[in-house]
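Reading through the structure tokens given below for one structure.
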Amino acid sequence: KGGQKFKESLGFVQINLNKQRQASKDLGYFIRKIEKPLILVQEPHVNGKGVISKGSYCLRASTCKNPKKPVRASIFFHKSMERQVWSKDSITTEDCAVVQTKVDGTETLVASCYMDGNDVECPSQDFKNLVNHAKKHNIALIIGTDSNAHNTAWKSRICDKKRKERGDKLLEYILANDMFIENVGNTPTFDNGRWSNSIDLTITNRSGHKLVSDWRVHEGDRLEHSSDHRFITFQSTGSTLLDRQNFRDISKTNWEVFESDLAKRMSNHANAFSVIDSSEKLDVAADLLSSNIIASFNTATELTYVSAKVKPPPWDTAEVKDARREMRGRIRKASKKKNRDPTL
């Protein structure tokens, strides 16, 4: 395999999956149109063995390596990005997953942070530690968080006392530390069919703010997503250098071209193989034979580039999609009959 540098903007996705396995699968559906997505996940689904459900075999996860409590934050990325995304284990916790990458040539920390609505402290200590780390190392910072905090500054429609106090503390911290809220518009980030509100935020420092564009909440079809939280997407403002993975597929080799090209190369170097009477000449002949074989193989086999898109599973047929939509419709119809709780 090899890599070719090319320019491309990064596509970010932010979502709270409500610890649901089906919501993880829905994420796999949603990101198919996004090339090399970087996904900031709060409350991922974790099975009984502690394995995080990613929704697609094409995705890799960066999360707390040795959790002592349930993991509530993770970052997913396409497998082709493994050499461009580094886990920051030193500042990653169960509630705050952090990776480092380059965005438009700028070293950037990207984080997924879950803030517990029952915590007195807001923002969380994990959040503060991350901000201080970015300050100390003078590095750009982009955070996707489920804040569980209400404030009209980010268009919260319902502001109960407890979460309003949390929101006031969070806003005060953001302003005091010269940070930015990237949320745009009035579309709620949370909607369970009975009430809606804005609690999911994208927060940046000054350097990170310059890298974010096209922030939006996807209202979408509620029958297509299991989580109560809506998908958020945004782009990096500029292009970033990424490795485009490629390899030569031996099953597509033109063997007639290979044999013809190798015969020509060997003929051009016939003298090197005519008399081999020393170990030095043997080494030279072996190296030449190896390089000729490789060169002929490359001539006879075109490069195949690895797709950076998430592929659908083979069982994802039209019938399955219709069945999913019908099931979701019934679930949402039943959920609207439950008692309203405006504190969420």
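The values are calculated or read from the model by the stated rules, or taken from the named source; none is laboratory data. None of these values were measured; they are calculated from a predicted model. Positions of Cβ are backbone-derived with ideal geometry, glycine not excepted, and every protein chain shown enters the neighbour counts. Ligands, DNA and RNA are stripped out before the accessible areas are found, and what is left, the full protein with its side chains, is counted by its heavy atoms. Shrake-Rupley method; radii C 1.70, N 1.55, O 1.52, S 1.80 Å.
Among the residues of segment 160-170 satisfying the criterion of being open to solvent by 30 Å² or more (accessible area, probe 1.4 Å) and under 31 Å from the mean Cα position of the chain (by Cα), which is farthest from ASN186 (Cα to Cα)?
LYS169
Scan segment 6-13 and give yes if some residue there is modelled with pLDDT under 85, touching a helix residue (DSSP H, G or I) at 6+ places or on another chain (Cβ under 6 Å), of a type outside the set (A, V, I, L, M) and open to solvent by less than 50 Å² (accessible area, probe 1.4 Å), otherwise no.
No, segment 6-13 contains no residue that is modelled with pLDDT under 85, touching a helix residue (DSSP H, G or I) at 6+ places or on another chain (Cβ under 6 Å), of a type outside the set (A, V, I, L, M) and open to solvent by less than 50 Å² (accessible area, probe 1.4 Å).
Can you name every residue in segment 117-134 that is under 17 Å from ILE203 (Cα atoms) and free of Cβ contacts under 8 Å to residues at least 40 places away in the same chain?
SER124, GLN125, ASP126, PHE127, ASN129, LEU130, ASN132, listed by residue number.
Please go through (1) at pLDDT 90 or above; (2) farther than 22 Å from SER74 by Cβ; (3) of a type in the set (Phe, Trp, Tyr) for TYR114 and return the number of the only condition it doesn't satisfy.
For TYR114, the exception is condition (2).
Considering only residues that are touching a helix residue (DSSP H, G or I) at 6+ places or on another chain (Cβ under 8 Å) and open to solvent by less than 40 Å² (accessible area, probe 1.4 Å), which ones fall in segment 178-195?
Hits for segment 178-195 are MET179, GLU182, ASN183, ASP191, ASN192, GLY193.
Scan segment 286-307 residue by residue and report those that are without any contact (Cβ under 8 Å) to a residue 24 or more places away in the chain and within 15 Å of ALA263 (Cα to Cα).
LEU288, LEU289, SER290, SER291, ILE294
What are the residue pairs meeting all of these: first residue in segment 250-266, first residue among the basic types (Lys, Arg), second residue part of a helix (DSSP H, G or I), Cβ atoms under 7 Å, and 6 or more apart or on different chains?
Partner pairs satisfying both residue conditions: ARG265/ASN292; ARG265/ALA295; ARG265/SER296.
Is it true that some residue in segment 171-190 is over 23 Å from the mean Cα position of the chain (by Cα), without any contact (Cβ under 8 Å) to a residue 24 or more places away in the chain and closer than 24 Å to LEU17 by Cα?
Within segment 171-190 (the criterion being over 23 Å from the mean Cα position of the chain (by Cα), without any contact (Cβ under 8 Å) to a residue 24 or more places away in the chain and closer than 24 Å to LEU17 by Cα), the answer is no, since none of the residues qualifies.
Can you find a residue that is assigned to a strand (DSSP E or B), surrounded by fewer than 16 Cβ atoms within 10 Å (Cβ to Cβ) and among the hydroxyl-bearing types (Ser, Thr, Tyr) anywhere in segment 205-214?
The answer is yes; a qualifying residue exists.
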